[in-house]
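Remarks on the structure that follows.
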Amino acid sequence: MSARDLVDHVARKTDLDVIAITDHDEMSASLEAREWAAKHSYKIQIVPGVEVTTRDGHLLALWIEERPPALRNLQITADWVLARGGLCIAPHPFTRWTHSLNLGSLRPAVEQGLVAGMEVFNASLAGRASRPHALRFATQHGLAGIGASDAHMLSMVGLAWTRFEGRTPADLRRAIENRTVRAEGRFATPGEMAAEAIPQLARSMVHLPLRRIVRFARTRSQATH
């Protein structure tokens, strides 16, 4: 999907208030999506971000305007993000299904205050495998529990989300920093996962760009609608 098609879909077909588009080691689509949403005066607002590849595993860098250098260790990468006003989230931690942060790398980073939150509800297969360990770790270390679709196709947009008080990216950030967010949603079904995996495999075989990963947030006020 294009960044513009994604924003159009979210604005017209979902009740999400804020989304973060986090491509692997690339953030041009995230910035394009923010411009497109503003141009069309959509309710949906975009958090700029990227899923950066560290030597220790993937790391979400949110609220940044430039791409972090890849293939550094977690602590150096997180320091880089925070120095530029960003926020770090651990995606799909502890899973072997993809390159993920483990206990040995996460614990010192969390103790140093470098990581604000962790995906405790990731709708993907990787998230299903990591959820019990992620929940325990986030609770024990006082991290914000994040919900994320980890969607690579439009049909999976909004399967899981982060609920927070407010409607704006600033409200979401404040809620993450204050640990008042709540992860909600459901896991993708085997059929949904297969429908996503087959096109991804086909694209990888012809050397097209890496997947586009989208993560979402929805306001607490819409829970009753």
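The values are calculated or read from the model by the stated rules, or taken from the named source; none is laboratory data. If you're wondering where the values come from, they're calculated on a predicted model, not measured in any experiment. When we count neighbours, we look across all protein chains shown, and the Cβ atoms used for this are built from the backbone with ideal geometry, even at glycine. Each accessible area value is taken on the protein alone, full model and side chains, heavy atoms only, with ligands, DNA and RNA left out. Shrake-Rupley method; radii C 1.70, N 1.55, O 1.52, S 1.80 Å.
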If you average the sequence gap of Cα pairs under 8 Å that are 6 or more apart and divide by the length of the range 11-73, what percent do you get for the contact order? 32
Mean Cα-pair separation over length for the range 52-173, i.e. relative contact order, pairs under 8 Å, 6 or more apart, %: 19
Run the accessible area of the range 58-163 with a 1.4 Å probe and give the carbon-and-sulfur part as a rounded percent. 52
Please work out the C-alpha center-to-center distance from the range 2-22 to the range 36-60 and express it in whole Å. 11
Using unit Cβ charges (K, R positive; D, E negative) and no other charged atoms, how large, in debye to the nearest 20, is the dipole of the range 60-139 about its Cα centre? 320
Counting only DSSP beta bridges with both partners in the range 85-201, the antiparallel fraction in percent, to the nearest 5, comes to 35
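Under a Cβ-only charge scheme (Lys and Arg +1, Asp and Glu -1), can you give me the dipole magnitude of the chain about the Cα centre, in debye to the nearest 20? All intermediate terms of the calculation are to be shown ahead of the outcome.
Values: 28 positive and 23 negative charges, 90 e Å.
In total the dipole reaches around 420 debye.
With an 8 Å Cα cut-off and a minimum separation of 6 or more residues, compute the relative contact order for the chain in percent.
It comes to 19 percent, rounded to a whole number.
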Ignoring ligands and nucleic acids, what accessible area does ASP5 show with a 1.4 Å probe (Å², nearest 10)? 80
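Counting only DSSP beta bridges with both residues in the chain, what percent are antiparallel, rounded to the nearest 5? Walk me through the intermediate numbers first.
Details: 18 of 33 bridges.
About 55 percent, rounded to the nearest 5.
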In a GNM of the chain with a 10 Å cut-off on Cα contacts, which of SER105, SER30, SER41 has the highest mean-square fluctuation? SER41
Classified through the alpha carbon gyration tensor (a ≥ b ≥ c as square roots of its eigenvalues; rounded if a/c is under 1.5, else prolate when a/b is larger than b/c, else oblate), the chain comes out rounded
Simple spin-label estimate for SER28 and ALA195 in nanometres, 7 Å along Cα-Cβ: 3.0
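Per the helix-only calculation at 222 nm, which mean residue ellipticity applies to the chain, given -39500 (n - 2.57) for every DSSP H run of n ≥ 4 and division by its residues, nearest 500 deg cm²/dmol? Working shown, then result.
On the way: 7 runs with 84 residues, N = 225.
Using -39500 (n - 2.57) per qualifying helix, the result is -11500 deg cm²/dmol.
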Nonlocal amide H pairs with VAL18, under 5 Å, H built at 1.01 Å: GLN45, ALA217
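Of HIS92, HIS24, which has the most accessible area with a 1.4 Å probe, and how do the rest follow in descending order? Working shown, then result.
Values: HIS92 5, HIS24 25 Å².
These residues rank, largest area first, as HIS24, HIS92.
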Taking the Cα centre of the chain as the origin and placing charges on Cβ (Lys, Arg +1; Asp, Glu -1), which of LEU159, LEU59, ALA3 is farthest toward the positive end of the dipole? LEU159
Could you go through the range 180-188 in sequence order and give the Karplus-derived ³J(HN,Hα) for each residue, using 6.51 cos²θ - 1.76 cosθ + 1.60 with θ = phi - 60°, rounded to whole Hz, and x for Gly and Pro? 10, 7, 9, 8, 9, x, 9, 7, 5
Just the number please: accessible area per residue for the chain, 1.4 Å probe, all protein chains included, in Å². 46
